[in-house]
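Please find one structure pasted underneath; my questions will follow.
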Protein chains: 2
Amino acid sequence: MIQVSSIRKERSQSPTDSVYVHNHCKNPKPLNVTGAYIVHDENDYRDSLLPDTKDIALPNHTESVNEISIDIGGSLSKVVHFAKNKEGGGRLNFYKIETSNIEKFIAYLKEIMKVHYHHDGVNEINENLTLIATGGGSYKYYEDLQKQLNCRIQKEDEMECLIIGLDFFISQIPNEIFYFDENNHTYVETEIPESESETIYPYLLVNIGSGVSMVKVTGSGPDNFIRVGGSSLGGGTLWGLLSVLTTCNDFDEMLEMASKGNNEDVDLLVGDIYGKGYNKIGLKSNHIASSMGKVFKKVFRKTGQSESASSDNRLERLQNFNQQDIARSLLYAVSNNIGQISYLQAQRYGLDKIYFAGSYIRNHYQTIRTLSYAINFWSEGSKKAYFLKHEGYLGSMGAFLKKELDNDNA
Amino acid sequence: MIQVSSIRKERSQSPTDSVYVHNHCKNPKPLNVTGAYIVHDENDYRDSLLPDTKDIALPNHTESVNEISIDIGGSLSKVVHFAKNKEGGGRLNFYKIETSNIEKFIAYLKEIMKVHYHHDGVNEINENLTLIATGGGSYKYYEDLQKQLNCRIQKEDEMECLIIGLDFFISQIPNEIFYFDENNHTYVETEIPESESETIYPYLLVNIGSGVSMVKVTGSGPDNFIRVGGSSLGGGTLWGLLSVLTTCNDFDEMLEMASKGNNEDVDLLVGDIYGKGYNKIGLKSNHIASSMGKVFKKVFRKTGQSESASSDNRLERLQNFNQQDIARSLLYAVSNNIGQISYLQAQRYGLDKIYFAGSYIRNHYQTIRTLSYAINFWSEGSKKAYFLKHEGYLGSMGAFLKKELDNDNA
């Protein structure tokens with residue numbers, strides 16, 4: 001169990017990092033959210049440089065904004081910035097790109113700065129501009145960012161940004177939160193808290209990026225959250241496995257494949273072990289006993305015998321299976337597993353609301369359904385899974401809401 | 001949560017199964033275990049038809065034994081039988097073979113019957129012989145077994161057999177139980193209970209075959225255990241993935257590969273995200289943030305661009321990686337995950353002793369170390385992982401200890 005406040009202490013001991021003290025953000029930067037709404041544009045998810053839809057219109061925010069925020073994760077880098085409208089107000093813009101393309105990402109940040117943060121009428125970057133950076137990559141790429149971007153960079157604590165971002169989406173943005181209705185197989189938008197007597201706390205945040213972090217949140221402010229656990233079986237595992245097990249070229253192709261597959265051809269079901277129609281250990285016969293549990297048998301049934309280990313026959317072996325079935329199986333395996341561990345952590349700390357966020361989800365039907373089903377199955381209906389339309393932007397949104405430190409403090 | 005007693009109830013409703021009522025085994029069949037010891041022979045694990053070492057000598061058991069027991073799992077089938085010595089006493093023999101070779105397994109059972117269970121001096125099978133069968137396959141292959149083996153078959157509840165087998169190994173067989181000593185990197189044999197004031201209960205049994213079952217055990221007898229959970233990420237997942245990601249031909253080759261690999265070339269570590277020397281979220285820099293989390297990036301860094309989806313370039317993609325590294329990464333991923341869920345279940349039910357069993361473990365150093373480490377890490381030393389030399393034979397051993405029902409009852 002990692003208490004975030006103890007991490008902060010450790011951090012201030014690092015002399016190279018001493019300029020970047022934490023702004024604890026008890027009062028996040030005020031954005032005028034009156035009349036805010038999510039913009040539903042046509043969009044293409046495939047090109048990560050295109051807007052990721054779902055801009056948030058802030059028709060009544062008129063104050064000038066002197067910052068851009070970024071969140072550089074293990075797999076994806078995200079940016080949030082505010083673009084003014086000529087007619088007044090403006091939009092929060094959300095973009096993401098794979099972290100492996102860090103140079104493209106930096107070039108893109110330069111472009112945003114040139115277009116949106118120049119001095120009025122002069123094509124020169126505003127010297128008051130601050131880049132607020134979070135995520136592991138803000139440390140790893142700090143020097144690159146500093147060298148290439150002519151602006152101040154303010155690093156912020158990742159967990160804190162996640163929570164601030166989530167709190168903002170939950171409490172300030174209408175139609176942001178939804179859950180999956182298993183009876184009708186639909187998404188249902190909901191307001192949190194659902195009644196006036198409730199608050200949004202406590203809850204478990206499960207952030208699924210390359211890996212998984214689970215954070216117990218009992219109130220606003222930096223002393224009210226703790227990272228209670230995590231898992232190394234996350235998006236990076238699914239994407240990594242599918243990048244060698246399928247011919248897909250990106251995450252979205254993988255998800256599209258998964259949506260068309262039938263896991264029963266590669267997973268070992270309870271019914272495969274016990275025979276049909278016999279419910280031996282109280283599990284349904286279509287319950288997955290072993291993910292990918294049919295693969296070994298099928299690979300070796302074909303040849304009957306062991307083959308020479310010297311020939312690389314892996315492609316032949318792979319071609320025994322439908323790529324889509326493998327994608328479906330592994331999507332289920334990773335999602336079910338995250339659902340189960342999340343349930344156990346929520347159970348342990350008495351939390352009934354579980355928010356799933358992070359770029360793993362990508363608004364994908366099977367993923368959302370599987371996570372919801374897992375929480376419902378394990379908790380026997382006592383706990384509920386919630387999702388966000390801006391699932392991948394909690395950290396970058398939270399960073400955006402951090403107050404810039406003025407030069408004297410920095 | 002599945003109460004085993006409720007399953008039993010459901011079971012008796014099945015008319016086709018009504019002959020095979022449960023023998024609750026409050027008094028397992030007496031074996032004379034005075035002077036029992038584990039026989040350490042030279043052995044070859046590779047040929048599953050060879051004895052699996054670790055016979056148990058019962059020098060003082062003289063009563064005749066009229067049964068063989070089998071456990072047909074999703075991936076492996078096991079058999080236990082008693083072979084008399086000419087000099088007196090005898091040995092419990094343990095064998096296993098892949099369930100995909102079910103015909104070979106049945107042929108092998110015939111052979112055992114012919115050699116060990118014929119009428120004295122006459123090469124004809126003893127008509128009193130009973131085959132006690134457990135595991136999912138005892139249902140699925142029941143008719144095959146009945147057709148091909150000329151003997152009575154008595155089916156027994158899988159969970160109950162597991163527990164009876166484990167209790168027998170814990171309490172009756174010296175030098176059976178061991179744990180991993182992290183300080184000295186050695187296995188340490190231990191007696192349970194470790195002191196006279198303790199009992200062996202309560203404990204969590206984690207049985208890892210193709211899938212994983214977790215059973216909370218609070219005492220002997222059929223009313224004192226409950227299957228509290230499980231996971232579809234088990235041996236079948238590891239073997240299935242490695243049978244297409246490596247050129248290995250069997251489980252043991254895979255484990256040998258894993259023992260030589262370096263997971264840091266395919267797993268994304270905390271240090272890879274945060275940069276070196278910076279411990280941001282309280283996790284060590286060599287902590288695995290995302291299993292297989294470097295694979296996606298490496299696959300696509302090489303080509304720089306997406307490739308045509310029409311060409312099957314999976315072998316080229318796979319050849320970017322060392323097979324041994326993949327084997328190590330996935331062995332860690334599955335083992336860590338089982339360790340974490342086991343810890344959470346043990347925590348939930350207040351259990352401090354966790355027994356890991358099942359054919360997944362195969363006495364493999366990294367597997368045992370990883371499971372031990374996970375329990376120790378998550379429980380901060382308050383819970384302990386135990387292992388068994390006959391890890392894969394709990395179910396078949398438990399079945400062996402069931403009393404044969406006499407013909408009138410059957």
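Name the long-range amide H neighbours of residue A:95: under 5 Å, sequence gap of 5 or more, or other chain; modelled H, no Pro or chain starts.
Correct list: A:79.
Just add up the charged neighbours of residue A:175: K/R +1, D/E -1, any other residue whose Cβ is under 11 Å from the Cβ of residue A:175.
-1
Counting only other chains, and only Cβ atoms inside 10 Å, what mean value do you get across the residues of B:284-291?
6
Which length gain, in nm to one decimal place, applies between residue B:224 and residue B:286 when the Cα-Cα distance is subtracted from 0.36 nm times their residue separation?
18.2 nm
A follow-up question, please. When Cβ neighbours within 10 Å are restricted to other protein chains, what is their mean count per residue of peptide A:266-274?
Other-chain Cβ atoms within 10 Å of each residue's Cβ, averaged: 6.
Next question, about the same structure. How many nm separate the modelled label positions at residue A:199 and residue A:40, each set 7 Å beyond the Cα in the direction of the Cβ?
It works out to 3.4 nm between the two label points.
Rounded to the nearest angstrom and ordered from largest down, what semi-axes does the equivalent ellipsoid of the stretch A:131-270 get from its C-alpha gyration tensor (root of 5λ)?
Here the semi-axes work out to 30, 27, 15 Å.
From the mean inverse distance of alpha carbon pairs (Kirkwood) and the Cα radius of gyration, derive Rg over Rh for the stretch B:226-388.
We get a ratio of 1.01 for the stretch B:226-388.
A follow-up question, please. How well do other chains shield peptide A:148-161, expressed as the mean number of their Cβ atoms within 10 Å of each residue Cβ?
Mean partner-chain Cβ count within 10 Å for A:148-161: 1.
How do B:223, B:55, A:167 rank when sorted from fewest to most other Cβ atoms within 10 Å of their own Cβ?
Ascending number of Cβ neighbours within 10 Å: B:223, B:55, A:167.
Between copies, how far does the label point of residue B:193 sit from its twins, in nm, shortest first, when each point is 7 Å from Cα along Cα→Cβ?
4.8
Using a label point 7 Å beyond Cα on the Cα-Cβ vector, give me the inter-copy distances for residue B:115 in nanometres, one decimal, shortest first.
Result for residue B:115, in nm, nearest copy first: 7.8.
Could you list B:158, B:256 in order of exposure, starting from the residue whose Cβ has the fewest other Cβ atoms within 10 Å?
Final ranking by Cβ density, sparse to dense: B:256, B:158.
Enumerate the whole-percent occupancy of each 10 Å bin, from 0 to the last occupied one, for all C-alpha pair distances of the stretch A:64-217.
Each 10 Å bin holds this share of Cα pairs: 9, 33, 32, 19, 6, 1.
Follow-up. Students often get this wrong: which residues of the stretch A:253-277 have the backbone nitrogen under 14 Å from the point 7 angstrom along Cα-to-C-beta of residue A:181?
none
Arrange B:33, A:79, A:244, A:188 by Cβ neighbour counts within 10 Å, fewest through most, would you?
A:188, B:33, A:79, A:244
Sticking with this one: Of the listed pairs A:84/B:298; B:54/B:284; A:297/B:389; B:140/B:260; A:216/B:294, which have alpha-carbon separations greater than 31 Å here?
Checking Cα-Cα distances, A:84/B:298; B:54/B:284; B:140/B:260 exceed 31 Å.
Readers should treat all values here as calculations from the given coordinates under stated rules, not as data from a laboratory. Keep in mind it's a predicted model, so treat the numbers as computed, not measured. All Cβ positions, even for glycine, are placed from backbone atoms using ideal geometry, and neighbour counts span all protein chains on display.
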